[in-house]
Amino acid sequence: MRSLPYILLLLLPAGMSGQYAGMGSWNILNVKYSLDEKWNLFGEAQIRSLKFYDDFHYYEYKGGVEFKAYNSVRLTLGAGSYQTYKEGGNFVLPKNNDEFRIWPQITLLHTVGNLKVDHRYRSEMRFTTSGYRNRFRLRVGVSLPFGKKKQGYKPFQVSASNELFFTDNEPYFERNRVMAAMVYKPSKNISFQIGFLHQFDYRINDESGKDFLVTGIYFELFRGQDRHPVTEIDPKDN
């Protein structure tokens with residue numbers, strides 16, 4: 001059972017908290033432009049609500065560059081704006097946090113049987129309303145593509161992931177985020193995602209909320225499209 005450590009990590013309980021109760025929404029629009037087989041550019045926008053498509057309290061937009069060092073190693077440098085508003089309505093002022101963030105990241109990919117396994121390590125340099133902060137994120141995810149293969153990929157994928165957030169100041173541990181999702185890829189250029197996300201915050205200083213319905217649309221564009229065949233669905237980098 002080589003996959004047992006990953007399954008145990010994904011099933012760790014997220015804990016109980018006094019966070020905002022009820023199901024919120026987490027909505028993603030992502031565009032990736034593949035320059036060649038090694039280099040990608042990407043941009044993403046997100047908007048989140050604490051109730052089901054009500055009490056919108058958070059949005060972010062970010063972009064960056066990704067380099068495929070090897071088939072199993074990807075290096076990313078991203079930056080973006082992250083805006084958090086007060087609870088109790090749609091974009092209630094004053095803001096809880098107005099943040100600019102720079103984040104280098106490394107992603108390791110490999111297989112365990114039919115499972116696709118990804119490990120993501122991200123370091124965040126955060127320029128917030130309360131001053132400069134560091135944060136470190138560790139995520140492990142597993143995914144299983146399925147369906148009749150076409151154009152080098154299977155059109156469906158189920159996935160699960162668990163992510164831990166740490167800082168370099170006491171009490172060090174900040175957040176645990178667990179997600180399960182399904183992705184449908186009708187063509188090589190577009191993917192649709194739907195899932196459920198639960199997070200436990202030990203110390204909240206930015207985006208809040210506990211449970212979310214996650215929806216995502218992912219576009220992938222290619223420079224010289226015929227020269228860049230698609231293999232499998234990539235892990236979604238939420």
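The values are calculated or read from the model by the stated rules, or taken from the named source; none is laboratory data. Computed from a prediction, not measured in an experiment: that's the story for all the values here. A quick note on method: Cβ atoms are made from the backbone with ideal geometry, for glycine too, and the neighbour counts reach across all protein chains shown.
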When residues of segment 21-45 are filtered for being touching a Leu at 6+ places or on another chain (Cβ under 8 Å) and either surrounded by 20 or more Cβ atoms within 10 Å (Cβ to Cβ) or among the hydroxyl-bearing types (S, T, Y) (or both), how many remain? 6
If N134 satisfies all but one of (1) modelled with pLDDT under 95; (2) exposed (fewer than 13 other Cβ atoms within 10 Å of the Cβ), what's the number of the condition it fails? (1)
Among (1) modelled with pLDDT under 95; (2) loosely packed, with under 13 Cβ neighbours inside 10 Å, which single condition is K86 missing? (2)
Just a yes or no: is a residue in segment 117-124 touching a residue at least 12 places away in the same chain (Cβ under 8 Å), in contact with a Lys or Arg (Cβ under 7 Å, 6 or more places away or on another chain) and part of a loop (DSSP other than H, G, I, E, B)? no
Is at least one residue of segment 101-112 more than 24 Å from Y70 (Cα to Cα) and surrounded by fewer than 14 Cβ atoms within 10 Å (Cβ to Cβ)? no
From the set of residues in segment 139-160 that are exposed (fewer than 14 other Cβ atoms within 10 Å of the Cβ) and in contact (Cβ under 8 Å) with a residue 12 or more places away in the chain, which is nearest to Y172 (Cα to Cα)? F146
Considering segment 202-222 alone, what residues qualify as being of a type in the set (A, V, I, L, M) and modelled with pLDDT under 85? I204
Quick one: which residue in Q199, Q193, Q225 is at pLDDT 85 or above and over 23 Å from F146 (Cβ atoms)? Q199
Can you tell me which residue among L164, L213, L221 is more than 15 Å from the chain's Cα centre (by Cα), within 22 Å of I28 (Cβ to Cβ) and surrounded by 13 or more Cβ atoms within 10 Å (Cβ to Cβ)? L221
Of all strands (runs of 3 or more DSSP E) fully inside segment 161-223, the set with 2 or more residues that are under 19 Å from T128 (Cβ atoms) is 173-187, 190-201
